[in-house]
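Shown next, in structure tokens, is the structure this report addresses.
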Amino acid sequence: MSACPDPRTIIEHLPVALAVARATDGRLLSSNRGFAALFGAPATLGMPLTDWLRHADAGDRIGPPPDWPAHLAALHPDIRPHDSVECLLRGPAGPLHIRVQLQVADGLLIACFVDLTDHETREDILRQALAELETRSATDALTGLLTRRRFEEAAASEMQRFRRFGHPITLIMADIDHFKLINDRLGHQAGDRVLVEFARRILAECRDLDVIGRYGGEEFLVLLPSTPLVGGLTLAAKLRQAIAAAPFPDAGPLSASFGVAECQADEDWHAWLHRTDKALYRAKRQGRNLVVAAPERHDQPHAHAELSRLDRLGWEDGHTLGHPLMDHQHKELFTLAQALLEMIRRDGPTADLHVAIRELAHTTERHFRDEEALLGEIAYPRTDQHMKAHRLLAAKLDALSSQSARGVLPAARLIEFLAYDLVDHHALGPDRDYLPWLDGRTPETP
């Protein structure tokens, strides 16, 4: 994995004369080829920018010489992108009519020098150079995602909207599992290609309004405006599956861990980020390739206790029973459950949610009926207990349907039913207990 380019490397190739100084004390750090060509020599490193400007001042044919220390002090630290001063500065062949334009980026004071002596159209070059510099400072050079600074600016804006209007926002932090081994085994160029592909897969799953950034190394952040915790968990589960679904070029099969947290009204950015990071750390500690949520509100304990089970709503070959009808119906139930979760994540219309729940109820009822007939055919000894479990699930689903019809269904309760009751405690539990009888084996009934 290669680090983001140093701003001093970037400016070397821009088509305008540039010098870079520390914003804190104004001492020159570097200058580019354009600067040396314009003034006949590179800037004197370590010299305060104000001293260099006074030394290079060539007279007052345009007006009084600028009071550079006072000018910069007045601008800093809130230098605006287009603050500029026109003056005469010494060049190799005599005085030059120069426009000095200043900008602060990432703790650096950037001075752009445009020669207006014979080429007034160089203002266009300046605008292009500043636009390119702005783009480079906003996006990660490797993945094209937002940089850490720009992501934090977007997060601050969304948090202000959240506090004003109350729309929920959720943060996802993703980290590629065992990424260091990729760099050690395959080299940093292969690691870079993994990061690019990882970013591509994340982008493919997110909405246009979601904000995605590379936060550092192999860590990525996704900001979900107008999205509660359950929506963030649904997306994180999809992202986890997208990463694990197909091998990466060069590196083969990979996985990632995810931490998810919904912003609370009484926390700032750093507190919110810290909770998300702690959730990610728990995912790593619990075995990686997991989605873990940070505790959000004490009135939704079930939504947090069962969050990791969201990952199990994806149909896998290991879920098959070997009976064509049962496997087809189970897969159909998983698909409907996933569709419901996606509808919750997108905050779909209440009427559409109710229709989807009713479809799930009808499909579940048909599955229960067919399954009970099968249990009778294979003489399963615990058929009565299984039928009682069916009636209990049907009653819970009817209650959820009734709540959705009235528009008062808690999303966390629906998540709990889909992930815990229907999947864990039935399709992947009791429904597998009669496998021996399907295979023709009849173990002794306990």
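The values are calculated or read from the model by the stated rules, or taken from the named source; none is laboratory data. A quick note: this is a predicted structure, and the numbers were derived from the prediction, not measured. Neighbour counts are summed over all protein chains in view; Cβ atoms, including those assigned to glycine, are modelled from backbone coordinates with ideal geometry.
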Strands (runs of 3 or more DSSP E) wholly inside segment 38-122 that include at least 2 residues being at pLDDT below 80 and not polar (S, T, N, Q):
83-91, 94-105
So, residue 377, is that one exposed (fewer than 13 other Cβ atoms within 10 Å of the Cβ) and acidic (Asp, Glu) or not?
yes
Residue within segment 358-378 that is assigned to a loop (DSSP other than H, G, I, E, B) and modelled with pLDDT under 90 present:
yes
Filter segment 86-105 down to the residues that are more than 15 Å from residue 34 (Cα to Cα) and among the polar types (S, T, N, Q) and list them by number.
103
Residue pairs, Cβ under 7 Å, 6 or more apart or interchain, first in segment 200-229 and over 23 Å from residue 177 (Cβ atoms), second among the aromatic types (Phe, Trp, Tyr) and at pLDDT 90 or above. List them.
211/151
Within segment 332-357, count every residue that is among the charged types (D, E, K, R), surrounded by 14 or more Cβ atoms within 10 Å (Cβ to Cβ) and assigned to a helix (DSSP H, G or I).
3
Can you spot a residue in segment 163-171 that is within 18 Å of residue 150 (Cα to Cα), modelled with pLDDT of 90 or more and more than 11 Å from the chain's Cα centre (by Cα)?
yes
Check residue 381 against each of (1) at pLDDT 85 or above; (2) within 22 Å of residue 341 (Cα to Cα); (3) outside any helix (DSSP H, G or I) and name the one condition it does not meet.
(2)
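Let's see how each residue does on (1) touching a residue at least 60 places away in the same chain (Cβ under 8 Å); (2) in contact with an Asp or Glu (Cβ under 9 Å, 6 or more places away or on another chain); (3) more than 22 Å from residue 95 (Cβ to Cβ); (4) assigned by TED's automatic domain parsing to the domain that holds residue 88:
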{"site": "16", "(1), (2), (3), (4)": "yes, no, no, yes"}
{"site": "20", "(1), (2), (3), (4)": "yes, no, yes, yes"}
{"site": "29", "(1), (2), (3), (4)": "yes, no, yes, yes"}
{"site": "42", "(1), (2), (3), (4)": "no, no, no, yes"}
{"site": "46", "(1), (2), (3), (4)": "no, no, yes, yes"}
{"site": "51", "(1), (2), (3), (4)": "no, no, no, yes"}
{"site": "54", "(1), (2), (3), (4)": "no, no, no, yes"}
Being at pLDDT 75 or above and of a type in the set (A, V, I, L, M, F, W, C) is the filter; apply it to segment 286-331 and report the residue that is surrounded by the fewest Cβ atoms within 10 Å (Cβ to Cβ).
325
Part of a helix (DSSP H, G or I), touching a Phe, Trp or Tyr at 6+ places or on another chain (Cβ under 9 Å) and at pLDDT 85 or above: is that true of residue 156 in this structure?
yes
What are the residues in segment 145-184 that are free of Cβ contacts under 8 Å to residues at least 12 places away in the same chain and closer than 25 Å to residue 234 by Cβ, if any?
157, 165, 166
Residue list for segment 420-443, filter: more than 19 Å from residue 368 (Cβ to Cβ) and either at pLDDT below 70 or of a type in the set (D, E, K, R) (or both):
439, 440, 441, 442, 443
